[in-house]
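The values are calculated or read from the model by the stated rules, or taken from the named source; none is laboratory data. None of these values were measured; they are calculated from a predicted model. As a convention, Cβ positions derive from the backbone with ideal geometry for all residues, glycine included, and neighbour counts pool all protein chains shown. In case anyone asks, the SASA skips ligands and DNA or RNA and just uses the protein heavy atoms, side chains included. Shrake-Rupley method; radii C 1.70, N 1.55, O 1.52, S 1.80 Å.
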Amino acid sequence: METHIAILPSPGMGHLIPLTELAHQLLLHRRLFITFIIPTATGSPIKPQNDILNAMPENISSIFLPPVSLNDIPEDSALETRISLTLTRSLPALRQTLTELTRDSVRKKPSALVVDVFGPLSFEIAKEFHIPAYLFCTVSAMTLVSFFQIPILDQKYACEYKDLPEPVRLPGCVPVRGSDMIEPVQDKTNEAYLQMVEMTKMYSLAEGILVNSFLELEPGPFKAMEEGDWCKPEIYSVGPLIRAGSENRTGEGFECLKWLDKQDVGSVLFVSFGSGGTLSQMQLNELAFGLEQSGQRFLWVIKSPHQKSNASYFNAKSHLDPFGFLPDGFLARIKDRGLVVSCWAPQVEILSHGSTGGFLTHCGWNSILESLVCGVPMIAWPLFAEQKMNSVLLTDGLGVAHRVKVDGNGVVGRDEISKFVKSLIEGEDGRKMRSKMSELKGLGAMALSQDGSSTRSLLNVAQKWCE
């Protein structure tokens, strides 16, 4: 009978997608049966998750837990609070599901429960069933170091991080300004801060942590975790795991690939803020004028504006026609060198296209890895979660991105946008970053090769599960 692994993703496509890629990678090396157990909140769209899960191989199945209500929590609650509460309120259903799985006559009891960065809330239940719990880190090794350090820093600093006079020095990492630490710790009076401190204390209870990064990309953080007495679990580098391109290249979303076919090599800037990121109306206007002013070719995935930068995290679909929010005459003025598409585009296919020369990104870790695998340098425009920390890694640590600067109103101005777009596509800085990204692309491919560091690491943990 095949070894059975249960996987519990947190809400959000950014958590589900890398875990499905982990499942694919495991199946390349081991004969396994994998069950995805999906927590949901009332009103969350299930179709995008279903589309991904239904396309998985037959020995990967999925169970959707009953939706939980979040109607009793304030509208302005932190994103991390909503994610944590969805998981917490799904724990009774998880217990029931694991009870049923352990009694299943067709499958063995799960040999491991794999959760993501919000999943330690489920460790106690895994312990009840004597199932080893592993954490899959959907963020960088640098961010994982910061997670381990949060309880330590909580004791060290009484003030807010943004008020620290000196950068925070995380073991093995480039220095980080306090204001660039992860968003949930930026307000110590917010419930999300206390939740983060308590949850990161649980990381040491994991049997092991699989990180969607690779040794050659982040040698400092991986070495610090291996040597530090503050990091108890064994760390496995298993990345870069990214979503494969779609086999079905038809439909409106793929029309942009035909447009890219007509453009010069490396001449197009791809602009996308991921499935969860949104801009305000003022910022959307400045971005439009900045792209126009740059004189460069661009492909922009646009969503309707919202004051909250993570407004589309739980629902990636925009309910309003985003084209109606563009400046008057914009589409007519840029029609010969720009293409604007609504809400969604095939990101991996675009980044791997020869005409794509740069990526303006919100710095979500999945998007960064996709850009890295395709060798495309970036303009870093972080919005929420750990994205500011990711931008520090890209600019100060790796030297493969420009980072935009916001003004006193929290807006990135058109001149700033135009300057960085020009520099990335046709400037000397862009050429240097492209060369560095090409080098990292090669190292990433080597890590996932037959005898690469990530392949060996993944085989090591898979062997433990199969034993």
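Backbone amide hydrogens, once placed in the peptide plane, bring Ile38 within less than 5 Å of Ile63, Phe64, Leu65, excluding anything fewer than 5 places away on its chain.
Which entries in the list Lys108/Lys388; Lys258/Lys303; Lys109/Lys441; Lys405/Lys441; Lys201/Lys308; Lys223/Lys303 go over 31 Å, if you measure between the two C-alpha atoms of each? Numbers along the way, then the final one.
Values: Lys108/Lys388 42 Å; Lys258/Lys303 21 Å; Lys109/Lys441 39 Å; Lys405/Lys441 27 Å; Lys201/Lys308 29 Å; Lys223/Lys303 40 Å.
Exceeds cut-off: Lys108/Lys388; Lys109/Lys441; Lys223/Lys303.
For the stretch 56-69, 3J(HN,Hα) computed residue by residue from phi via the Karplus equation (6.51, -1.76, 1.60; θ = phi - 60°) reads 7, x, 5, 8, 10, 10, 9, 10, 8, 6, x, x, 9, 8 Hz, glycine and proline entered as x.
For Arg403, the residues whose modelled amide H falls within less than 5 Å of its own, excluding neighbours fewer than 5 places apart on the same chain, are Ala380. Entry comment: accessible area of the chain is 42 Å² per residue, from protein heavy atoms only and a probe of 1.4 Å. For the stretch 70-165, the relative contact order works out to 19 percent when only alpha carbon pairs closer than 8 Å and six or more residues apart are counted. Angle of helix 281-294 to the longest C-alpha principal axis of the chain, folded into 0 to 90 degrees and rounded to 10: 60°.
Amide H contacts under 5 Å for Lys308: none, restricted to partners 5 or more places along the chain or on a different chain, H placed in the peptide plane at 1.01 Å from N. Each residue of the stretch 80-96 was assigned a 3J(HN,Hα) from its phi angle through the Karplus expression (A = 6.51, B = -1.76, C = 1.60, θ = phi - 60°), giving 5, 5, 5, 5, 4, 5, 4, 5, 4, 6, 8, 4, x, 5, 5, 4, 4 Hz with x at Gly and Pro. Please give the helix 141-156 orientation as an angle from the longest Cα principal axis of the chain, in degrees from 0 to 90, rounded to the nearest 10. Rounded to the nearest ten degrees, it is 70.
What's the angle, to the nearest 10 degrees (0 to 90), between helix 191-201's Cα axis and the longest principal axis of the chain? Helix 191-201 sits at roughly 50 degrees to that axis.
Remark: the chain carries a charge dipole of roughly 560 debye about the Cα centre, counting +1 on each Lys and Arg Cβ and -1 on each Asp and Glu Cβ.
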